[in-house]
Amino acid sequence: MIARKRLVYNTALLTCSSLLMSCIGIAFQVWLVGRIGSAGIGLYQLVCSVTNLGATFAISGIRFATTRLVAEELGSDNSGGIRWAMGRCLGYGTLFGLAAAAVLWLLAEPIGFLWIGDARTVMSLRLSAWSMPCISLCASISGYFTASGRVWKPTLIHLIEQLAGIFLVALCLYLTPSGDIERSCAAVTLGRLAADVLSLILMFLAYVLDWRRHYGQGKASAALTVRMLKIALPLAVSAYARSALNTILHLLVPRGLRAAGYSADGALSGYGTIQGMVLPIILFPSCIMAAVAELIVPELTAAQVQQDGQTIRRTTRKLFSLSLMFSCAVGLFMFCFADKLGVAVYKSYDAGHYIRLLAPLVPVMYTDMTVDGCLKGLGQQVWSMGINILDSLLGLILVWVFLPRYALPAYIAMIYITETFNFVLSLRRLWKTVRECPSEPSAAVRR
């Protein structure tokens, strides 16, 4: 009962904070579009596609590995071993974060000139390199708070980070000449870098104070390093593959649009409209499902450790039903009011047009988030990432073949096909995993 109340409380807290941060983010995105234009947004999205690949390498599965490892220690009533588990996770995060920073810094020019095909991205890529250690260490500490049930701490820190980031980005853009896309993109990146550094400082202070208060000293559990690597490395390798495919996919979109007859800035503008303007609106309410998907991981992990199949089946059924009903309501609302949303948020009828085209896909996208969270909570993270890799590979092939011929309609169709493909395979895997859970809880649970 206590665990259920904690889950409800944390879900409500994370949902409310996510909604608040999403509202702030959307408002800032609207201002940013007005400040640097859709072409500037498109250029920044290309930089983000590369830095997201770097961040994937920096994290290398450590966020989920930390959550799973700490949840296992708590589920086994060995809370004293959490400090030792975290020492290994933070060391892992530091190593991969520094490696990602070095690679991104050294290869910024080849990536900008040859890979992206736009020299204006080099400055931003080099600035992004400094964020990599901050991202990896924050991911590990956030995983610790998720597993220990005190999500309000990283939630508050992320809110502070977002507000500070908006202020810093606005300040950097104020000092940047208007109309210079390269420097504007670099200014946004510099502001985000400063916010990442602030987030790391606050997150580390919160972590040190938390484990001293709740767990103190303790002995290390057996094979902690091996257990961490068994969770993190397979997830990391699959994440590398998916992120690399996604990066290539996003870099191919402007090239494909240019091949379809768009100008260079026109291609960036079309790509920026969908990726930087429409999808944030489509995914805005999904923070509720994202919160549930994140918080259900330690709960399902604990139930799995205790072999409590009844709890697993009841929880997954309820989550699936709730996410499906919520997402259908959101999709219907967006379909009916797409034009008004596009004009109200961006003063753009094109944005409203694409919101209506993507609105029927909302139930698939949102419910898939919940399914992925359940799979990770049941130790099926490698299967989940494998499905994601196939999804990305399919999307890459579709963009490569059809985008130069059919332009933006092909991009919309690709999103539909890949999202549906991912959802069907993930749901089948979850159904099979839940069916294989034991019908009766273990003796420890019955006691």
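The values are calculated or read from the model by the stated rules, or taken from the named source; none is laboratory data. Just so you know, these numbers come straight off a predicted model, no measurement behind them. Don't worry about glycine lacking a Cβ; one is built from the backbone with ideal geometry, like all the others, and counts go over all protein chains shown. Remember, those area values only see protein heavy atoms, side chains included, never the ligands or the DNA or RNA. Shrake-Rupley method; radii C 1.70, N 1.55, O 1.52, S 1.80 Å.
Brief remarks follow.
Residue-by-condition table, conditions (1) within 30 Å of G34 (Cβ to Cβ); (2) among the small types (G, A, S); (3) crowded, with 21+ Cβ neighbours inside 10 Å:
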| position | (1), (2), (3) |
| --- | --- |
| A303 | no, yes, yes |
| R317 | no, no, no |
| L322 | no, no, no |
| G342 | yes, yes, yes |
| Y349 | yes, no, no |
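- Flag for Y416 being of a type in the set (F, W, Y), buried (at least 18 other Cβ atoms within 10 Å of the Cβ), at pLDDT 85 or above and assigned to a helix (DSSP H, G or I): no
- Qualifying residue in segment 254-261 (condition: open to solvent by less than 10 Å² (accessible area, probe 1.4 Å) and either without any contact (Cβ under 8 Å) to a residue 40 or more places away in the chain or closer than 13 Å to A65 by Cβ (or both)): no
- Hey, L425 within 23 Å of M277 (Cα to Cα) and either among the small types (G, A, S) or open to solvent by 20 Å² or more (accessible area, probe 1.4 Å) (or both) or not: no
- Complete set of residues in segment 236-253 that are farther than 26 Å from S136 by Cα and crowded, with 22+ Cβ neighbours inside 10 Å: V253
- Which numbered condition M334 misses (of (1) more than 19 Å from the chain's Cα centre (by Cα); (2) open to solvent by 50 Å² or more (accessible area, probe 1.4 Å); (3) modelled with pLDDT of 85 or more): (2)
- Any pair with Cβ under 9 angstrom, 6 or more apart, that starts in segment 18-42 at a residue that is of a type in the set (F, W, Y) and ends at one that is open to solvent by less than 30 Å² (accessible area, probe 1.4 Å): F28/G165; F28/V169
- Residues considered: L175, L171. Of these, the only one that is open to solvent by 30 Å² or more (accessible area, probe 1.4 Å), under 25 Å from C23 (Cα atoms), hydrophobic (A, V, I, L, M, F, W, C) and without any contact (Cβ under 8 Å) to a residue 24 or more places away in the chain is L171.
- Of the criteria (1) of a type in the set (F, W, Y); (2) under 30 Å from D350 (Cβ atoms); (3) surrounded by fewer than 19 Cβ atoms within 10 Å (Cβ to Cβ), which one F326 fails: (3)
- Test: residue in segment 334-348 that is within 23 Å of A260 (Cβ to Cβ) and among the aromatic types (F, W, Y): no
- Positions within segment 92-121 being open to solvent by 60 Å² or more (accessible area, probe 1.4 Å) and touching a residue at least 60 places away in the same chain (Cβ under 8 Å), in sequence order: W115, R120
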